[in-house]
Structures are given as structure tokens and as C-alpha cells.
Amino acid sequence: MNASNHQNLGVPSLSARIERGDVFSTDCPSREILTHLTSRWAVLLLATLLNGTHRFSELRRKVGGISEKMLAQTLQTLEHDGFVERISYPVVPPHVEYRLTPLGVEAGRQVESLVGWIETRLPSILAARPNRSAP
């Protein structure tokens, strides 16, 4: 069955599904991006970078608990997806900074909203847990 037959049956083509995105579809790339954006480290890095450009070492200090390896991997992933820009200055020692792209600012604002909600609702969330104890 060709693509036009699928459209006649009400099934959008793959290109139409990708154009809008469908995170509920197993073959849509939006699922991979959702995974990237909602990882613990990505959320914290996006929220941190909303405050401006940072060097690697500054990000490591600000995002408690992140290892150098996870910081590097997460920044590379966010850069690959177009959310973070890596700026390298040709000086000795090397000077590298990271900042959000316009797309990254949009994503950062979305996750910042979630982070704010979690922080505000933390007492209610903890109280709703079956064991009723803090982490």
C-alpha cells in the first residue's frame, strides 16, 4: 500500500507525522527528543542556562551531583538536538562556554515551569507518598 492509499484511509504519512510530531507513536523521533529533554540532568542544565551563558566548570558547580561525564554527555545531546550552543574560544588554556539557542530558551521555559511546580508542590507530593516520609 503506498502513501496516498494510507492517506485515503485516514492514516497520515510518516512525513506528515514527523512534521507535527506524535510522541505516542513508537516510530516518531519526538520520543527520543522527549527522553533527552526530560532527563534529570537536561532539565537542570536547561533551567541553569536560562540564566545566561556558562562555562563547563560553572555548570558542574551549579548542578549538584552531576559528574563530568554526565555533564559532557548531556551537553552534547542538547547541542545535537539544537537546544544548546557550544562556543569555543581559540585561547590557551581553552575557553568554552555554553548557552541556549532560541529553541533551547523555549524548551528551558517549559521545563522551568515543571521544576517550579515540583518545588512549590513538594510538601503535597511527599505527603501523598504511601510511607509519608521525606526522601
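Return the residues of the range 72-124 that are in a loop (DSSP other than H, G, I, E, B) and among the β-branched types (Val, Ile, Thr); say none if nothing qualifies. Val91, Val92, Thr101 - these are the residues of the range 72-124 that are in a loop (DSSP other than H, G, I, E, B) and among the β-branched types (Val, Ile, Thr). For the range 68-93, which positions are out of contact with any Ser or Thr (no Cβ under 7 Å at 6 or more places or on another chain), of a type outside the set (S, T, N, Q) and exposed (fewer than 15 other Cβ atoms within 10 Å of the Cβ)? Answer for the range 68-93, where residues must be out of contact with any Ser or Thr (no Cβ under 7 Å at 6 or more places or on another chain), of a type outside the set (S, T, N, Q) and exposed (fewer than 15 other Cβ atoms within 10 Å of the Cβ): Glu68, Lys69, Ala72, His80, Arg86, Ile87, Tyr89, Pro90, Val91, Val92, Pro93. Residues in the range 40-71 that are out of contact with any strand residue (DSSP E or B) (no Cβ under 8 Å at 6 or more places or on another chain), under 15 Å from Arg109 (Cα atoms) and not in a helix (DSSP H, G or I): Asn51 alone. Residues in the range 46-59 that are within 17 Å of the chain's Cα centre (by Cα) and free of Cβ contacts under 8 Å to residues at least 40 places away in the same chain were compared, and the one that is surrounded by the most Cβ atoms within 10 Å (Cβ to Cβ) is Leu59.
Looking only at the range 117-130, decide whether some residue is farther than 14 Å from Leu46 by Cβ, in contact with a strand residue (DSSP E or B) (Cβ under 9 Å, 6 or more places away or on another chain) and at pLDDT 95 or above. No, the range 117-130 has no match at all.
The values are calculated or read from the model by the stated rules, or taken from the named source; none is laboratory data. Source: prediction; values computed, not measured. A quick note on method: Cβ atoms are made from the backbone with ideal geometry, for glycine too, and the neighbour counts reach across all protein chains shown.
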